[in-house]
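What follows is calculated from the coordinates using simple rules that are stated; it is not laboratory data. Because the structure is a prediction, the values reported are computed rather than measured. As a convention, Cβ positions derive from the backbone with ideal geometry for all residues, glycine included, and neighbour counts pool all protein chains shown.
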Amino acid sequence: MLSFKTISKVTRRYRHLVRYQQIISIVLKYGFGNIIDAMKINHYLDKIIFSKPHPKLSRNQRIRMVLEELGPTFIKMGQVLSSRPDLIPLDLTRELAALQDKVPSFAFEQVRHIIQDEFNQPIDEVFHTFEETPFASASIGQVHRAYLSPNEEVAVKIQRPGIQKIVEVDLEIIHYLAQVMEKNLEEIAIFRPVKIVEEFAQTLEKELDYTVEAANMEQMADQFARERLIHIPQVYRSHSTQRVLCMEFIRGIKADDIKAIDRAGLNRKKITRIGADFVMRQIFEFGFFHADPHPGNIFILKDQRICMIDFGMTGFVDLTTRELFIDLLQSLNSKNTQNTARLLCRLTEIDEPVNTTSLEKDISQFCTVFLYRKLEEINLNRMIHQFLEFCTRHGLRIPPDLFLMMKAFISIEGVARRLDPQFDMLSHARPYVRAAALRKYSVPRLSREFADIARDTFSLLQTLPGDTSSIITQIKQGKIKAKVSIEGLDRFMMTQDQTSNRISFAIIIAALILGSAIVLNSRIPPMLFGVSIIGIAGFIIAAVLGIWLLVAIIRRGRL
């Protein structure tokens, strides 16, 4: 588990001082010295050689080059962030999408040790034969060809030795630097760098576990088990672990090798339609899709069959989100700007209230630019990027998996255009959108929903008498107490108390006056100059109380 909670700040800061200095050196090399100054981490600069920045490169290009030079963890972080426009600016996601794994392969002796550790057997007992030279290498692992038996050829992905430790060290440093940035750099703090690092750690944790990729392949294979023209490599669970993934070796032609496809006599138009159907069904029918369908991950097999490899990056869009997205597409197509704005706000995450008038204006302009023309004239790549840009401008954050889905559309459209320049992805998508919209009101779907409602209702009716009896019992036992609070009641009660007190005072004053008059008239002793002293005292007390009441009323401003 990649976690930062158990690491003390002192440990994070000084246990990997050499790596800190390497990172800061590379950051300075590409002209980001102002960030180092603002972060107040100059105590790491003792052994750092300052280099001149690259003035001809854009800021985003320099960020990409920094990540490439910093190594596997940072490259992988850039690749993950290239799919997160909700976390970083959209123009930066485009640049990070160009990140490449430039990592040399590791020695076969290390491969031998890893397999020995994973299976508790020598490599010669696990595999019939195993090629020492890998045919592919990346930041997390490399792939070798092997045989389980003389006729069973497989591809074996081996995780880099010590990659878990390398990643943990780099993540400790990245997390600390993110905290410093969030504290000292206001312009970067708005992108919540600490949250970015923590989410990246969760993503990388899954990628470091090859059993997750194996499960992704098996799920995709299950979805298309009945499709003769779709092939997903078989996973050999008996020869796979968390650090080793054994799968069927695929011999085919890469989707961007047009000359080889033509030499093989394959029908490119048919291949394009099959591939597009494959991706459309992933997205609109199942919601689970390959999130990186670039040409290197798509092979053309015999009989025009399509095969996808490398399921380390997949996406999932739940049924509710898919239906909202389809409603959004239909609303856009009908050019209903008000409904489109409403659906867009439901589909995205919003930090601050949206100016709906401005949003509807941008949607109207978007429709004018892209939807009042023939489908074959629309540039899908540009259209999706324009859509994402105005979402970003209005503070609407696209959910990560939905963005991955859009990227998959762009990637597969690029592959389709290379295979068949006349292919129209939007026209091809329309029947799938209509079918997905109709499924919402299909008899099986409605029957299933009514069955769910009936089951929930029946369950509620079953438990309701018992729950009601329990509540009544607890009320009787005094375990449940209700406190009712009426807003403004305290002030009303205070006013009523004041009114009651004044009436009481007035009655007392009236009684004193009346009683004193009776005493005076009755000439009750003691007497002073023929006048009853008790009667005079009563009148004086009544006068004092009357003046006191009058002053209190005047102070309240109400006579």
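Report the far tail of the P(r) of the stretch 496-556, meaning the percent of Cα-Cα pairs longer than 19 Å.
Working: 704 of 1830 pairs.
Tail of P(r) above 19 Å: 38 percent of Cα pairs.
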I need the calculated FRET efficiency for the pair residue 234 and residue 304, taking r as the beta carbon distance and R₀ as 22 Å, to the nearest 0.05. 0.60
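What does the charge count near residue 327 come to, summing +1 for each Lys or Arg and -1 for each Asp or Glu among other residues with Cβ under 11 Å from its Cβ? Write down the numbers at each step before the final one.
Numbers: positive: 322, 342, 346, 440; negative: 323.
Residues near residue 327 contribute +3 overall.
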Past 19 Å, Cα to Cα, is the threshold; run 76/165; 29/183; 157/407; 165/195 against it and keep the listed order. 29/183; 157/407; 165/195
Most exposed first by the Cβ proxy, i.e. fewest other Cβ within 10 Å, how do 335, 29, 407 rank? 335, 29, 407
Which listed residue (370, 508, 211) has the Cα farthest towards the positive end of the charge dipole for the chain, taking +1 on Lys and Arg C-beta and -1 on Asp and Glu C-beta about the Cα centre? 508
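For a footprinting-style exposure proxy, rank 356, 203 by other Cβ within 10 Å, fewest first.
Numbers: 356 14, 203 19.
Lowest to highest Cβ neighbour count: 356, 203.
Could you state the per residue volume, in Å³, of the convex hull enclosing the Cα atoms of the stretch 252-453?
Details: hull volume 28.0 nm³, N = 202.
Roughly 138 Å³ of hull volume per residue.
If R0 is 56 Å, what FRET efficiency do you get for residue 553 and residue 467 from their C-beta distance, rounded to 0.05? Working shown, then result.
Details: r = 55 Å, r/R0 = 0.99.
After rounding to 0.05, the efficiency reads 0.50.
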Working from Cα positions, state the angle (0 to 90°, nearest 10) between the long axis of helix 268-280 and the longest principal axis of the chain. 30
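Kindly put 447, 532 in sequence by how many other C-beta atoms sit within 10 Å of each C-beta, fewest to most.
Values: 447 10, 532 20.
Fewest to most other Cβ atoms nearby, the residues stand as 447, 532.
What is the dipole size for the chain, taken about its Cα centre, with +1 at each Lys and Arg Cβ and -1 at each Asp and Glu Cβ, in debye to the nearest 20? Intermediate results must be reported in sequence, preceding the final value.
Values: 72 positive and 63 negative charges, 378 e Å.
Computed charge dipole of the chain: roughly 1820 debye.
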Towards the positive end of the charge dipole of the chain, with charges on Cβ (+1 Lys, Arg; -1 Asp, Glu), say which of 231, 474, 98 has the farthest Cα. 474
Residue farthest toward the positive end of the dipole of the chain, with Cβ of Lys/Arg at +1 and Asp/Glu at -1: which of 146, 545, 18? 545
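Provide the net charge surrounding residue 128, with neighbours chosen by a C-beta distance below 13 Å and charges set as Lys +1, Arg +1, Asp -1, Glu -1.
Working: positive: 145; negative: 124, 125, 131, 152, 153.
Value of the local net charge: -4.
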To test your reading of the geometry: what angle, between 0 and 90 degrees and rounded to tens, separates the Cα axis of helix 319-333 from the longest principal axis of the chain? 90
Å³ per residue enclosed by the Cα convex hull of the chain: 346
At q = 0.22, 0.25 Å⁻¹, what log₁₀ I(q)/I(0) does the stretch 285-371 have when each alpha carbon counts as one equal point scatterer in the Debye sum? -1.01, -1.13
